[in-house]
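Peer 1: I have a structure I would like to understand better, so I am pasting it below and will then ask my questions one at a time.
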Amino acid sequence: MIPFRPVYSNGRAAVDAGRADVVYGIGCELITRASQTRDTVQSPIAWEETGQGAWKRIRAALEHSPHRPQLIHALTQYANDTHGAHTFLGLVAAEQSQLLESGRHLLSSSNVWGEPRLSSYGPSFVLARKLCELGLWKDVEQYLVACKDIWDDEILDDWIQEVRNEHIPDFGDG
């Protein structure tokens, strides 16, 4: 399995190059990997749980497991694969003027547990920026509110206010 970072970097490069076909393929690859993880890994909490609290419960539940390192790695990969998949698939949907579908992908990309990378560096905002450009302010607002559960950064409150005022925040996400 290729680690998340190279796949994500390839996806971002494809987005920048305007290669929707490649972006779609990478989104599908990531969603398949996330699905395979759900099928093969025993999560100590419900897969539908989200946020930093869910990640704390995972870590606590695995504290004495002899397979803890492998499970933590797999569950971290799952969160990042899910987030990346929905981000990329949402970008493709937006490019194809499937705005309802794109908004669904944006919200689905935030339905992950707040594992260390997402809770430290934050989620991707590239799809949020695109949907702001297309006027889907409510979807972006809902996404930013949901992101508060996986990323504890005060900037989110500022961005939420900017989106409510229909201004595109400086997401710094390219």
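The numbers here are math on the coordinates, done by the rules we state, and not lab data. The structure presented is a predicted model; accordingly, all values stated were derived computationally and were not measured. All Cβ positions, even for glycine, are placed from backbone atoms using ideal geometry, and neighbour counts span all protein chains on display.
Peer 1: How big is the dipole moment of the stretch 32-174 about its Cα centre under a simple scheme where the beta carbon of each Lys and Arg is +1, that of each Asp and Glu is -1, and everything else is neutral? Debye, nearest 20, please. Can you show the working numbers first?
Peer 2: Numbers: 13 positive and 21 negative charges, 123 e Å.
Dipole about the Cα centre, nearest 20: 600 debye.
Peer 1: Check which residues have an amide H placed less than 5 Å from TRP113's amide H, if you skip close sequence neighbours.
Peer 2: GLY51
Peer 1: Just subtract the alpha-carbon distance of VAL145 and SER97 from 0.36 nm times their residue separation and send over the number in nm, one decimal.
Peer 2: 14.8 nm
Peer 1: Another question, then. Using a basic spin-label model with each label point 7 Å from the Cα along Cα→Cβ, how many nm lie between HIS73 and LEU134?
Peer 2: Reported label-point gap for HIS73 and LEU134 is 3.7 nm.
Peer 1: Roughly speaking, what is the stretch gain from ALA60 to GLU154, that is 0.36 nm per residue apart minus the C-alpha to C-alpha distance, in nm to one decimal?
Peer 2: Full extension from ALA60 to GLU154 adds 31.2 nm.
Peer 1: Using each residue's phi in the stretch 159-169, evaluate 6.51 cos²θ - 1.76 cosθ + 1.60 at θ = phi - 60° and report the 3J(HN,Hα) Karplus result to the nearest Hz, with x for Gly and Pro.
Peer 2: For the stretch 159-169, the Karplus curve yields 5, 4, 5, 4, 5, 4, 8, 6, 10, 7, x Hz.
Peer 1: When ranked by the protection proxy of mean other Cβ atoms within 10 Å per residue, highest first, what sequence do the peptides 49-58, 36-45, 151-160 form?
Peer 2: Top to bottom by mean Cβ count within 10 Å: 49-58, 151-160, 36-45.
Peer 1: From the residues ALA46, PHE125, GLN142, which one has its Cα farthest along the dipole of the chain in the positive direction, the dipole being from +1 and -1 charges on Cβ of Lys/Arg and Asp/Glu about the Cα centre?
Peer 2: ALA46
Peer 1: While we're on this one: For the stretch 4-123, what relative contact order do you get, as a whole percent, if you take Cα pairs closer than 8 Å and at least 6 residues apart?
Peer 2: Here the relative contact order equals 33 percent.
Peer 1: For every other residue with a beta carbon closer than 10 angstrom to the beta carbon of ALA94, add +1 if it is Lys or Arg and -1 if Asp or Glu, then tell me the sum.
Peer 2: Its environment carries a net charge of -2.
Peer 1: Less than 21 Å apart at the alpha-carbon level, and either on another chain or at least 8 residues along: which lysines does that give for LYS138?
Peer 2: The qualifying lysines are LYS130, LYS148.
Peer 1: Helix 20-40 versus the longest principal axis of the chain: what is the Cα-based angle in degrees, 0 to 90, to the nearest 10?
Peer 2: On a 0 to 90 degree scale, this one is about 30.
Peer 1: How much FRET efficiency would the formula 1/(1 + (r/R0)^6) give for GLN36 and ASN10, where r is the Cβ-Cβ distance and R0 is 22 Å, rounded to 0.05?
Peer 2: That gives a FRET efficiency of 0.70.
Peer 1: Right, next: I'd like the Karplus ³J(HN,Hα) series for the stretch 99-107: coefficients 6.51, -1.76, 1.60, θ = phi - 60°, whole numbers in Hz, and an x wherever there's a Gly or Pro.
Peer 2: 5, 4, 5, 4, x, 5, 5, 4, 5
Peer 1: Could you check the simple spin-label distance between ALA17 and GLU166, using points 7 Å along Cα→Cβ, in nm with one decimal?
Peer 2: It is 3.7 nm.
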